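S.K.: Below is a structure I'd like to ask you about.
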Ligand code: ARG
């Protein structure tokens, strides 16, 4: 159990004396930011007092009266109008730290029964160059998948590739009519990227060319043998190119079932929805409507809709993005029986997902959780979408190269003594980590400003700072020639007498709850904030408490144990975010 759940548990019985369902009030117990209010604070006396028509202070006193002090709690006080401040006891902290030491996940509490989650993320449209915008889904989705895996869920990560779209008509047209044979021999994927850009540009002023491309797409969708052969030729190149990027980011998917995979199922989706009278013909297209179930009508007598209708078959007979996503939901439910499916996709697709989820519910998929984990744009300092100095979109590969180059400068400056090959290795880890962390540490729903200088800084809420704190921690063990495995909190009493030791201990035993909260809200930034606070608490401890030169051997061991748990927690926490650590940097 997480520390906060243990604290909440103690409140169940006292609250049970006052109300029938204490659960909603338990959520009002939170960790405090400031030790002057204790370690946890319970704020339920105010809403309870309203329900019970009593004074908050009296309600708080009554709750506190029945809570046992002396065991897990050192003190429980009522402050102000009825805030309950809880201070954990030393023996409780020592026990929690020892458990954390023993835990292979450093205190992450797995859920009881295995549940399945499908995480749909990255999902770029292939054959178009990946740019900085694709980073967010990839990085956030990977962190969510890793976090759920650590919590003991069965995680199925799915790269729902856009591999059947109109870009293929353009590529087929370009390949047949505009191909540069030499370039195509040298690097077919680069030739495809060039052709895509070229055809895209030419199509803007040439309506005939644009139509020809659309015809090629239509032929592909009708399974024209020549076009299908080209598609089959292009796909491995595209996948290999994407794979290179994912390798570099350290990301692997359990499956890559793109839109093309669902094509054979689309006609049945439309038939099923039509037969069930959930879809109907409108202006020649087949649409799913979302009327208000209450049957309300507007001033003109037309039924009020909750959402605009979604087209599942166009007038020209083509199926849509929505049709394919409906087929995909059916497929996933039938094959994997997930408790929940999350879609890590930017917020411009919010309407699509609202329509999709509503349509799926009507269609009979009522139980599975369907969540759009939406996120905002990456912008430059001017607030506009992030562009290169020349104004083009920033390719993902060159972005990562630049991150590593900049990290290299930091490493060279900081640790000139490291051998060349090690510096290159560290720079890769620091550079990639910085880019990922900068993204993950934002509230995902806001747009975020891409800023190189902040990102790779040894100070502030950055991966570089955390990696640096970690490496410095490791250097203590190197310097003292201590093998962490030789330490044992079962043999050494963990001393928590200095306020900075205690503050660090409190942060450490809150790792599990930070991870749970991050997972529940699909918010990796809960973990980054936690890690940043932890690193700061550790720095405070390191500033105030001598470790290698502690006053006595037991104290030295106790402090080394705190250092070791901190290191493991940072490493595990960063691992949940897909970020690596190094022992020296
Ligand atoms: N390929 C889409 C795009 O780039 C994102 C797909 C997201 N996943 C999904 N199941 N719709 O916009």
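Coordinate-derived values only; no laboratory data. Note that the coordinates shown come from a computational prediction; the quantities given were computed from them, not determined experimentally. No Cβ is skipped: glycine too gets one built from the backbone with ideal geometry, and neighbour counts run over all protein chains shown.
S.K.: State the three equivalent ellipsoid semi-axes of the stretch 385-465, derived from the C-alpha gyration tensor as the square roots of 5 times its eigenvalues, in descending order and whole Å. The partial results should precede the final answer.
M.R.: On the way: eigenvalues 112, 48, 18 Å².
Working through the eigenvalues yields semi-axes of 24, 16, 10 Å.
S.K.: Compute from the Cα atoms of the stretch 396-576 the Rg and the Dmax, the latter being the longest Cα-Cα distance, and quote both in angstrom.
M.R.: Calculated on Cα positions, Rg and Dmax stand at 17.4, 53 Å.
S.K.: Give me the number: length gained by fully extending residue 187 to residue 61, i.e. 0.36 nm times residue separation minus the C-alpha to C-alpha distance, one decimal in nm.
M.R.: So the extension gain works out to 37.9 nm.
S.K.: Need one number for the stretch 88-227: average projected area of the convex hull over its C-alpha atoms, nm².
M.R.: So the mean shadow area of the Cα hull is 14.2 nm².
S.K.: Same structure again: After finding the eigenvalues of the alpha carbon gyration tensor for the stretch 56-124, what semi-axes result from the square roots of 5 times each, listed largest first in whole Å?
M.R.: For the stretch 56-124, the semi-axes come out at 36, 21, 11 Å.
S.K.: Right, here's the next one. In whole angstrom, note down how far apart the Cα centers of the stretch 73-128 and the stretch 142-161 are.
M.R.: With the stretch 73-128 and the stretch 142-161 each reduced to a Cα centre, they are spaced 18 Å.
S.K.: Could you work out how far helix 225-249 tilts from the main Cα principal axis of the chain, as a 0 to 90 degree angle to the nearest 10?
M.R.: Approximately 20 degrees, to the nearest ten.
S.K.: Of the DSSP beta bridges with both residues in the chain, give the percent that are antiparallel, rounding to the nearest 5.
M.R.: Just about 55 percent of them are antiparallel.
S.K.: Another question, if that's okay. What does the helix-only formula give at 222 nm for the chain: each DSSP H stretch with n ≥ 4 adding -39500 (n - 2.57), the total divided by the residues, and the result rounded to the nearest 500 deg cm²/dmol?
M.R.: Result for the chain, helices only: -17000 deg cm²/dmol.
S.K.: Multiplying the sequence separation of residue 114 and residue 491 by 0.36 nm and subtracting their Cα-Cα distance, what value in nm do you get?
M.R.: Stretched fully, the residue 114-residue 491 segment lengthens by 132.2 nm.
S.K.: Same structure, new question: Could you give the angle, 0 to 90 degrees to the nearest 10, between helix 463-479's Cα long axis and the longest principal axis of the Cα atoms of the chain?
M.R.: 50 degrees
S.K.: On to the next question. So, how do all the Cα-to-Cα distances of the stretch 3-88 break down into 10 Å bins, in percent, from 0 on up?
M.R.: That works out to 19, 59, 22, 1, in percent per bin.
S.K.: So for the stretch 166-252, considering every pair of alpha-carbon atoms, how many percent are separated by more than 22 Å? Can you show the working numbers first?
M.R.: On the way: 1132 of 3741 pairs.
Tail of the P(r) past 22 Å holds 30 percent of the pairs.
S.K.: For the stretch 1-147, which semi-axes, largest first and in whole Å, follow from the square roots of 5 times the eigenvalues of its Cα gyration tensor?
M.R.: Whole-Å semi-axes of the equivalent ellipsoid: 40, 20, 15.
S.K.: Still on this structure, I have one more. Over 20 Å intervals from 0, what percent of Cα-Cα pairs in the chain sits in each interval?
M.R.: Here the calculated profile for the chain is 17, 43, 30, 9, 0.
S.K.: Further question: Roughly how compact is the stretch 331-383, stated as its Cα Rg over 2.2 N^0.38 Å to two decimals? Walk me through the numbers on the way to the answer.
M.R.: Numbers: Rg = 14.1 Å, N = 53, 2.2 N^0.38 = 9.9 Å.
Taking the Cα Rg and dividing by 2.2 N^0.38 Å, one obtains 1.42.
S.K.: Let me ask something else. Please compute the Kirkwood hydrodynamic radius over the stretch 119-182, one decimal place, Å, based on all pairs of different Cα atoms. If you can, show how the numbers build up before the last one.
M.R.: Values: mean 1/r = 0.0721 Å⁻¹.
Result for the stretch 119-182, one decimal place: 13.9 Å.
S.K.: Can you give me the P(r) profile for the stretch 480-585? Cα pairs, bins 5 angstrom wide beginning at 0, each as a whole percent.
M.R.: Answer for the stretch 480-585: a P(r) of 2, 12, 21, 22, 19, 13, 7, 2, 1 percent.
S.K.: If you project the alpha carbons of the stretch 437-489 onto the principal axes, what extent comes out on each, in Å, largest first?
M.R.: 47, 23, 10
S.K.: Given Cα pairs under 8 Å that are at least 6 residues apart, what percent is the relative contact order of the stretch 396-576?
M.R.: For the stretch 396-576, the relative contact order is 22 percent.
S.K.: If you take the beta carbon distance between residue 207 and residue 398 as r and set R0 to 45 Å, what does 1/(1 + (r/R0)^6) give as a FRET efficiency, to the nearest 0.05? Don't skip to the answer; put the middle values down first.
M.R.: Values: r = 33 Å, r/R0 = 0.74.
E between residue 207 and residue 398, to the nearest 0.05, is 0.85.
S.K.: Sticking with this structure for a sec: Would you mind checking the tilt of helix 266-275 against the longest principal axis of the Cα atoms of the chain, expressed as 0 to 90 degrees and rounded to 10?
M.R.: The helix 266-275 is inclined about 90 degrees to the chain.
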